[in-house]
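Notes to accompany the following structure.
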Amino acid sequence: MLALVSDLIWAHTPAAHGLEHLRAKAAADGVDVYLFLRAASEAAALTQARAILDGVRAPLRAHGYRTPEPRR
């Protein structure tokens, strides 16, 4: 399950979004995903994280997952 989530995110994230690493961790209510981004500022990182989640929302839903807003 965690590998699938990671693979889907990598497969649907363009290099322009600055994703350098991610960690998927089992949580009581699903999966927590930590995105490590190359960004000019915190605001830019949040924008990039939202773009990543927007891009993977449909593939994740196709496998039964949902994507909430990124946490600060």
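The values are calculated or read from the model by the stated rules, or taken from the named source; none is laboratory data. Computed from a predicted structure; not experimentally measured. Backbone-built Cβ (ideal geometry, glycine too); neighbour counts: all protein chains shown. Just so you know, the surface numbers come from the protein's heavy atoms only, side chains and all, with ligands and any DNA or RNA stripped out. Shrake-Rupley method; radii C 1.70, N 1.55, O 1.52, S 1.80 Å.
Contact order normalised by length for the chain, with contacts defined as Cα pairs under 8 Å and 6 or more residues apart; what percent is it?
Relative contact order, the chain: 29 percent.
Let me check I've understood the local charge: for residue 24, count other residues with C-beta under 11 angstrom from its C-beta, Lys and Arg +1, Asp and Glu -1. What total comes out?
Details: positive: 23, 25; negative: 7, 32.
Result for the local shell: 0.
Round to the nearest 10 and give me the degree value, 0 to 90, for the angle of helix 42-62's Cα axis relative to the longest principal axis of the chain.
Taking Cα atoms only, the helix is inclined about 30 degrees.
Just add up the charged neighbours of residue 33: K/R +1, D/E -1, any other residue whose Cβ is under 9 Å from the Cβ of residue 33.
With Lys, Arg at +1 and Asp, Glu at -1, the neighbours total +1.
Could you work out what % of the accessible surface of the chain is carbon and sulfur, using a 1.4 angstrom probe and leaving DNA, RNA and ligands out of the count?
That share works out to 54 percent.
Under unit Cβ charges (Lys, Arg +1; Asp, Glu -1), what dipole magnitude, rounded to 20 debye, does the chain have relative to its Cα centre?
My answer is approximately 80 debye.
May I ask you to give the solvent-accessible area per residue for the chain, in square angstrom, as obtained with a 1.4 angstrom probe?
For the chain, the solvent-accessible area averages 67 Å² per residue.
Region 3-46: which trypsin sites (Lys or Arg not before Pro) are DSSP loop and have at most 13 other beta-carbon atoms within 10 angstrom?
38
Can you give the calculated 222 nm mean residue ellipticity of the chain, where each DSSP H run of n ≥ 4 adds -39,500 (n - 2.57) and the sum is split over every residue, rounded to the nearest 500 deg cm²/dmol?
-14000 deg cm²/dmol, from helical runs alone.
Relative to the longest principal axis of the chain, what angle (0 to 90°, nearest 10) does the C-alpha long axis of helix 2-11 take?
So the helix axis and the longest Cα principal axis differ by about 40 degrees.
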